[in-house]
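Peer 1: A single structure is presented below for examination.
The values are calculated or read from the model by the stated rules, or taken from the named source; none is laboratory data. In this text the structure is predicted, and so the values were computed from the model without any measurement. Here the Cβ positions follow ideal geometry from the backbone for every residue, glycine too, while neighbour counts run over all protein chains shown.
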Amino acid sequence: MDISKITDYLYVSASLQTTHIDELGTRNIRLIISMIGGHFSPKIFAQPPYRLLWLQTFDSILVPIPISKLMQGVQMALPVIQDGEVSLCIVLRAAIAVWLWQPPS
């Protein structure tokens, strides 16, 4: 699986297939945020123990992801990050993602 560990709780991937279920389990990934417009992730990722947020958008150098979509993803991800019990995976068509997050003081 094309997955990169960004932090202890955050992973980025270019795609998810049903054959990746075991690897998601070993990485304790429970929240999947898909930011690939026009391509729905397999339904298994929307069933427990997984939660799927599908933000239908496209990312490119010329057309960046809208801030409103990024905010939806952040609002869903923050409780997972703060809980620290499980991890999350962001799925982007382009293999480039920049995350700026500062822990609350």
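Peer 1: Would you confirm whether or not segment 6-17 contains a residue that is at positive phi and in contact with a strand residue (DSSP E or B) (Cβ under 7 Å, 6 or more places away or on another chain)?
Peer 2: The answer is no, given that none of the residues of segment 6-17 is at positive phi and in contact with a strand residue (DSSP E or B) (Cβ under 7 Å, 6 or more places away or on another chain).
Peer 1: Just name the residue that is modelled with the lowest pLDDT out of those in segment 74-94 that are touching a strand residue (DSSP E or B) at 6+ places or on another chain (Cβ under 8 Å), under 15 Å from Ser34 (Cβ atoms) and outside any helix (DSSP H, G or I).
Peer 2: Once the filter is applied, the top-ranked residue is Leu92.
Here is a yes/no grid of residues against (1) within 11 Å of the chain's Cα centre (by Cα); (2) modelled with pLDDT under 85; (3) surrounded by fewer than 17 Cβ atoms within 10 Å (Cβ to Cβ):
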position	(1), (2), (3)
Ser13	yes, yes, no
Arg30	yes, no, no
Met35	yes, yes, no
Gly38	no, yes, yes
Ala46	no, yes, yes
Arg51	yes, no, yes
Ile61	no, yes, yes
Gln72	no, no, yes
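Peer 1: Let me ask something additional. Consider Pro49 carefully, then state whether it is more than 14 Å from Leu88 (Cβ to Cβ) and not small (Gly, Ala, Ser). Full working, then the answer.
Peer 2: Values: more than 14 Å from Leu88 (Cβ to Cβ): no; not small (Gly, Ala, Ser): yes.
Taking the combined requirement at face value, the residue does not satisfy it.
Peer 1: Here's another thing I want to ask about it. Would you pick out the residues in segment 1-22 that are touching a residue at least 60 places away in the same chain (Cβ under 8 Å) and under 15 Å from Ser34 (Cα atoms)? Quick ask: steps written out before the conclusion?
Peer 2: Residues of segment 1-22 touching a residue at least 60 places away in the same chain (Cβ under 8 Å): 2-3, 6, 8-16.
Asp2, Ile3, Leu10, Tyr11, Val12, Ser13, Ala14, Ser15, Leu16 - these are the residues of segment 1-22 that are touching a residue at least 60 places away in the same chain (Cβ under 8 Å) and under 15 Å from Ser34 (Cα atoms).
Peer 1: Which one is modelled with the lowest pLDDT, of the residues in segment 1-11 that are aliphatic (A, V, I, L, M) and either under 13 Å from the mean Cα position of the chain (by Cα) or outside any loop (DSSP other than H, G, I, E, B) (or both)?
Peer 2: Residues of segment 1-11 that are aliphatic (A, V, I, L, M), as a first pass: 1, 3, 6, 10.
From what's left, either under 13 Å from the mean Cα position of the chain (by Cα) or outside any loop (DSSP other than H, G, I, E, B) (or both): 3, 6, 10.
On the way: Ile3: 76, Ile6: 84, Leu10: 85.
Among those residues, the one meeting the criterion is Ile3.
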